[in-house]
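Below: one structure, written as structure tokens.
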Amino acid sequence: MIENKQEILDMAYDKGFEYEKKYGYCSQSVLSAIQDVFGGIDDEVIQASHALAGGGALDGDGTCGGYSGAMMAISAFFGRKRDKFGEGEVVDWMNSSKLSKEVREKFMDEYGSTICNDIQKAVFGDSYNLWDPKEFEAFEEAGAHVDKCPSVTGNAAKWTANVLLGEGIEPKQ
């Protein structure tokens with residue numbers, strides 16, 4: 001049984017870290033961690049996030065997959081539903097963006113960016129072309145799936161869990 005907020009945050013971090021370390025694909029790892037801790041995320045959402053990893057299509061020049069997974073998780077709970085398209089005013093459906101901005105600020109404070117290559121530079125001291133076999137090998141040798149990417153993914157899951165808890169979403173028991 002989960003006893004306190006810190007225990008929940010630690011669990012989210014640990015699950016995000018472990019999924020990224022074992023299986024890669026930061027976007028899916030964040031969503032899976034949140035699914036494990038809170039529920040509320042369908043397996044199809046995790047599947048749909050697959051190509052968001054590595055800055056999108058593993059190209060590095062887009063948004064960090066961990067951050068993308070965090071935004072998807074928050075939106076799974078607070079995003080506008082399809083049957084609500086065309087209803088209400090813009091301010092009526094901005095909540096998931098406002099909440100995702102909280103995670104964005106954590107990324108900015110910790111890594112200086114939400115862009116995958118920039119985060120790689122902050123964490124590794126360099127960025128890598130994941131489509132180049134030699135650079136991918138160097139990426140892995142530098143600890144990509146030992147501790148570097150898992151720590152970013154763990155943080156994304158923890159920061160997302162903090163947002164969900166702050167909005168009254170209860171963890172699974």
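A protection proxy built from the mean count of other Cβ atoms within 10 Å ranks the segments 79-85, 11-17, 27-33, most packed first, as 27-33, 11-17, 79-85. Residue exposure proxy: Glu167, Glu87, ordered by other Cβ atoms within 10 angstrom of their Cβ from fewest to most, comes out as Glu87, Glu167. Were the residues from Glu141 through Trp93 laid out at 0.36 nm apart, the gain over their Cα-Cα distance would be 12.9 nm.
Here the peptides 101-107, 34-40, 66-72 are ranked by packing, the mean other Cβ count within 10 Å, and the order with the highest first is 66-72, 34-40, 101-107. Could you let me know the centre-to-centre spacing of segment 119-149 and segment 35-94, using Cα atoms, in angstrom? When both Cα centres are located, 25 Å separates them.
Readers should treat all values here as calculations from the given coordinates under stated rules, not as data from a laboratory. This one's a predicted model, so the numbers in the text were calculated from it and none came from an experiment. So basically every Cβ, Gly included, is an ideal-geometry build from the backbone, and we count neighbours across all protein chains shown.
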